[in-house]
Amino acid sequence: MELFDSLKFKIIRRNIKVAFPEATDARILGAASRLKAEELLEPVLIGNLAEIEKAAVARGIALENFTIIDPDHYDRWDEMVEAFVERRKGKVSKEDAEKMLKDENYFGTMLTYMGVTEGMVSGAIHSTGDTVRPALQIIKTKPGVSRTSGAFLMVRGRDQEKYLFSDCAINVNPSAQELAEIAVESAKTAELFDIEPKVAMMSFSTKGSAKAPEVEKVAEATKIAQELAPDYLIDGELQFDAAYIPGVAQLKAPDSKVAGQATVFVFPELQSGNIGYKIAQRFGGFEAIGPILQGLNKPISDLSRGSNEEDVYKLSIITAAQALMN
């Protein structure tokens, strides 16, 4: 079964509600219409009703039976404001909360926090910061996870060759502890896509072949990750060729249960992760799906502003599947 067929099978007719704060965008409306028609999830469109209807007409989409919530006319507004003030633990006044919740991303995130929806997809017209900031303030990270991270599912060919690259979107220079947490969350994300997680902690060194603070950080992160999740196969530090090519693994890391067969690649910092996934995408012919935000209590997904309708459709399916794991 191909990747998205498998995910669709998991979520179809489960009535998983996903918030879309950018509901006047043609890409969002197109994807939402497909998702609803295929009964994969229940889109909750957020925004001014008249503006959404106008955009839908322009896109040729009928909005019958869609759930549309206008923040200016929400019947649970007072409850939402009170819940937001409580969640921010005195950092935000009631007046400030009312202003902030007029922002579609804050409003959509609160819908997810309150259980009205199971997740949210945004970022088609908003920056990553605009999408992630409310999630960190409201949804927050899971116990034992200090930061969220962004993974990319890398898929190539009809045989669905697939890997997970992380963190390629959020953390500029994570500490050893943070890197270990990213590794564990990445293993969990891999399982969502039926990828057996064999996690390689990436470096320019393999098993002490080079000495540098950057190498020491990855080696320490490997030990921490192994202690955090002893049931997962996690090893490092490994160079990419040692992690990916069995012949090189035999030479450089013959005793490793990950080297030469890695499926999850955890990069030591954002610069290498971002460069790495884009090289695989452009030179290697992989489709890069993401970023998939990891480590949050509920799934909030961040689109690229360059996304097309198909990207919205696929990331929404992933978001719904993530909701089933929580």
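The values are calculated or read from the model by the stated rules, or taken from the named source; none is laboratory data. Everything numeric in this text was worked out from a predicted model, so none of it was measured. Positions of Cβ are generated from backbone atoms using ideal geometry, with glycine treated the same way; all protein chains shown enter the neighbour counts. Keep in mind that these areas ignore ligands, DNA and RNA; they rest on the heavy atoms of the full protein, side chains included. Shrake-Rupley method; radii C 1.70, N 1.55, O 1.52, S 1.80 Å.
Dipole of the range 172-275 (Lys/Arg Cβ +1, Asp/Glu Cβ -1, origin at the Cα centre): which of 242, 229, 186 lies farthest to the positive side?
Farthest towards the positive end: 242.
Over the chain, with the other protein chains present, what is the accessible area per residue in square angstrom, probe 1.4 angstrom? Each step should come with its number before you reach the end.
Values: 14690 Å² over 326 residues.
Value for the chain: 45 Å² per residue.
What is the pair-distance distribution P(r) of the range 100-185, computed from all Cα-Cα distances in 10 Å bins starting at 0, with each bin given as a whole percent?
For the range 100-185, the binned pair fractions read 15, 38, 33, 13, 1 percent.
Between their Cα atoms, which of 142/278; 188/217; 140/162; 8/257 are more than 25 Å away from each other?
Working: 142/278 29 Å; 188/217 22 Å; 140/162 29 Å; 8/257 32 Å.
Violating the 25 Å limit, Cα to Cα: 142/278; 140/162; 8/257.
At a probe radius of 1.4 Å, what is the per-residue accessible area of residue 223, in Å² to the nearest 10?
Accessible area of residue 223: about 130 Å².
Using Cα positions and a limit of under 16 Å, work out the aspartates and glutamates in reach of residue 207, with same-chain residues fewer than 8 apart set aside.
Partners within reach: 216, 220, 235, 237, 241, 255.
Could you grab the relative contact order for the range 1-64? Cα pairs under 8 Å, six or more apart, rounded to a whole percent. Display every interim value, and only then the final one.
Numbers: 72 pairs, mean separation 23.4, N = 64.
Relative contact order, the range 1-64: 37 percent.
Could you list which residues have their amide H under 5 Å from that of residue 301, counting only those 5 or more apart in sequence or on another chain, with H placed in the peptide plane?
120, 121, 122
So if I place +1 on the C-beta of Lys and Arg and -1 on the C-beta of Asp and Glu, and nothing else carries charge, what would the dipole magnitude of the range 1-87 be about its Cα centre? I want it in debye, nearest 20. All intermediate terms of the calculation are to be shown ahead of the outcome.
On the way: 12 positive and 17 negative charges, 106 e Å.
For this selection, approximately 520 debye.
Go through 117, 24 and list them by solvent-accessible area, largest first, probe radius 1.4 Å. Walk me through the intermediate numbers first.
Numbers: 117 0, 24 65 Å².
Solvent-accessible surface, decreasing: 24, 117.
Pairs of lysine in the range 33-108 with Cα under 19 Å and at least 8 positions apart or on different chains: total?
4
I'd like the Kirkwood hydrodynamic radius of the range 134-235, using the inverse of the mean 1/r over distinct C-alpha pairs, in Å.
Numbers: mean 1/r = 0.0689 Å⁻¹.
The answer is 14.5 Å.
Normalised by the empirical 2.2 N^0.38 Å for globular proteins, what value does the Cα Rg of the range 1-126 take? It would help to have the intermediate numbers written out before the result.
Numbers: Rg = 15.6 Å, N = 126, 2.2 N^0.38 = 13.8 Å.
Compared with the compact-globule rule of thumb, the range 1-126 sits at 1.13.
Expressed as a whole percentage, what fraction of the accessible surface of the range 136-198 belongs to carbon and sulfur atoms when a 1.4 Å probe is rolled over the protein heavy atoms? Please report the intermediate quantities before stating the final value.
On the way: 1100 of 2350 Å².
For the range 136-198, the apolar C and S fraction of the accessible surface comes to 47 percent.
Percent of accessible area on the range 213-274 owned by carbon and sulfur, 1.4 Å probe?
Working: 1720 of 3150 Å².
Carbon and sulfur atoms account for 54 percent of the accessible area of the range 213-274.
Given the peptides 66-74, 263-271, arrange them by the average over their residues of other C-beta atoms within 10 Å, most packed first.
On the way: 66-74: 15.6, 263-271: 22.7.
Per-residue mean Cβ counts within 10 Å order the peptides as 263-271, 66-74.
Figure the gain on full extension for residue 68 and residue 37 (residue separation times 0.36 nm, minus the Cα-Cα span) and round it to one decimal in nm.
Extra length available between residue 68 and residue 37 comes to 9.5 nm.
Sort 302-309, 57-64 by packing, meaning the average of other beta carbons within 10 Å per residue, with the highest value first.
Numbers: 302-309: 17.2, 57-64: 12.2.
Highest mean packing first, the order is 302-309, 57-64.
Treat every Asp and Glu Cβ in the chain as -1 and every Lys and Arg Cβ as +1, leave all other atoms uncharged, and give the resulting dipole magnitude about the Cα centre to the nearest 20 debye. Write down the numbers at each step before the final one.
Details: 38 positive and 48 negative charges, 93 e Å.
Charge dipole of the chain: 440 debye, to the nearest 20.
Along the charge dipole of the range 55-99, which of 93, 74, 57 sits closest to the positive end, that is, farthest toward it, with unit charges on the beta carbon of Lys, Arg, Asp and Glu (+1, +1, -1, -1)?
93
Classify the range 170-218 as rounded, prolate or oblate from the Cα gyration tensor: take a ≥ b ≥ c as the square roots of its eigenvalues, call it rounded if a/c is under 1.5, otherwise prolate when a/b beats b/c and oblate if not. Don't skip to the end; give the middle numbers.
Values: a/c = 3.27, a/b = 1.68, b/c = 1.95.
Oblate shape, in that a/c is at least 1.5 and b/c is the bigger or equal ratio.
Leaving out same-chain residues fewer than 8 places away, which aspartates and glutamates sit with a Cα under 18 Å from that of residue 10?
Qualifying aspartates and glutamates at Cα under 18 Å: 2, 38, 39, 42, 118, 191, 194, 196.
Using only alpha carbons, build the gyration tensor for the range 214-308 and give me the equivalent ellipsoid semi-axes, biggest first, whole Å. Provide the component values of the computation, followed by the final result.
Working: eigenvalues 133, 71, 29 Å².
Working through the eigenvalues yields semi-axes of 26, 19, 12 Å.
Taking only the C-alpha atoms, wrap a convex hull around the range 154-302 and report its volume per residue in Å³ as a whole number. Kindly include the intermediate steps, with their values, before the conclusion.
Numbers: hull volume 16.5 nm³, N = 149.
Enclosed volume per residue, from the Cα hull, is 111 Å³.
Using the per-residue mean of other Cβ atoms lying within 10 Å as a proxy for protection, in what order, highest first, do the peptides 172-182, 6-16 fall?
Final packing ranking: 172-182, 6-16.
For the range 230-321, with only Lys/Arg (+1) and Asp/Glu (-1) charged at the beta-carbon, what is the dipole magnitude about the Cα centre, in debye rounded to 20?
Values: 7 positive and 11 negative charges, 23 e Å.
It works out to roughly 100 debye.
What number comes out for the charge environment of residue 105, summing +1 per Lys or Arg and -1 per Asp or Glu over other residues with Cβ under 12 Å away? Write down the numbers at each step before the final one.
Values: positive: 102, 133; negative: 22, 103, 104, 130, 302.
That works out to -3.
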